[in-house]
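Participant: Have a look at the structure that comes next, please.
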Amino acid sequence: MFISTIYDNPYARRPKKKRRRHKKIKEIEARRRMPYHKFLETEYWHSVRIKKITMVGGRCQQCGSNEDIQVHHKTYHNRGDELRHLGDLMVLCSSCHSRIHGRARHEN
């Protein structure tokens with residue numbers, strides 16, 4: 001007697017991949033709980049940073065400089081899940097980044 005499984009029937013409902021989604025949610029939550037300075041040291045942030053800088057051509061989105069490039073969070077609502085929210089980030093040179101945060105950059 002042949003026993004049919006859901007994998008034999010192309011129209012059968014397949015089990016959802018809940019574990020993978022659950023793992024991603026856990027990873028995002030862990031990054032959000034992390035102190036910000038530690039978060040900026042993660043491989044995840046490094047890959048997000050490189051992706052955003054590459055996306056905009058490696059230049060400051062305010063002045064066009066390509067020196068001392070940094071990535072700025074417009075908001076922190078999506079912290080830990082930036083790869084899905086790259087529009088929440090902005091590439092800036094250190095001078096423009098300081099201006100946005102209201103700090104004057106001291107030249108030595």
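Participant: When you go through (1) exposed (fewer than 11 other Cβ atoms within 10 Å of the Cβ); (2) free of Cβ contacts under 8 Å to residues at least 12 places away in the same chain; (3) on the phi < 0 side of the Ramachandran plot one by one for Thr75, which number turns out not to apply?
Facilitator: Condition not satisfied by Thr75: (2).
Participant: Here is a follow-up. For the stretch 9-20, check the following and say yes or no: at least one residue is modelled with pLDDT of 95 or more and either of a type in the set (A, V, I, L, M) or not in a loop (DSSP other than H, G, I, E, B) (or both). Give the steps one after another, and end with the answer.
Facilitator: First, the residues of the stretch 9-20 that are modelled with pLDDT of 95 or more: none.
Scanning the stretch 9-20, I find no residue that is modelled with pLDDT of 95 or more and either of a type in the set (A, V, I, L, M) or not in a loop (DSSP other than H, G, I, E, B) (or both), so the answer is no.
Participant: Check off (1) assigned to a helix (DSSP H, G or I); (2) surrounded by 14 or more Cβ atoms within 10 Å (Cβ to Cβ) for Gln61 and give me the number that stays unchecked.
Facilitator: Result: Gln61 fails condition (1) only.
Participant: OK, next. Residue by residue through the stretch 50-108, note down the ones that are within 19 Å of Arg32 (Cα to Cα) and charged (D, E, K, R).
Facilitator: Lys74, Arg79, Asp81, Glu82, Arg84, Asp88, listed by residue number.
Participant: Further question on the same structure: What about Ile53, is it closer than 20 Å to His101 by Cβ and surrounded by 13 or more Cβ atoms within 10 Å (Cβ to Cβ)?
Facilitator: On the way: closer than 20 Å to His101 by Cβ: yes; surrounded by 13 or more Cβ atoms within 10 Å (Cβ to Cβ): yes.
Considered against the rule, which asks whether it is closer than 20 Å to His101 by Cβ and surrounded by 13 or more Cβ atoms within 10 Å (Cβ to Cβ), Ile53 comes out as yes.
The values are calculated or read from the model by the stated rules, or taken from the named source; none is laboratory data. All figures in this text were calculated on a predicted structure; none of them were measured in a lab. Glycine gets a Cβ as well: all are built from the backbone with ideal geometry, and neighbour counts include every protein chain shown.
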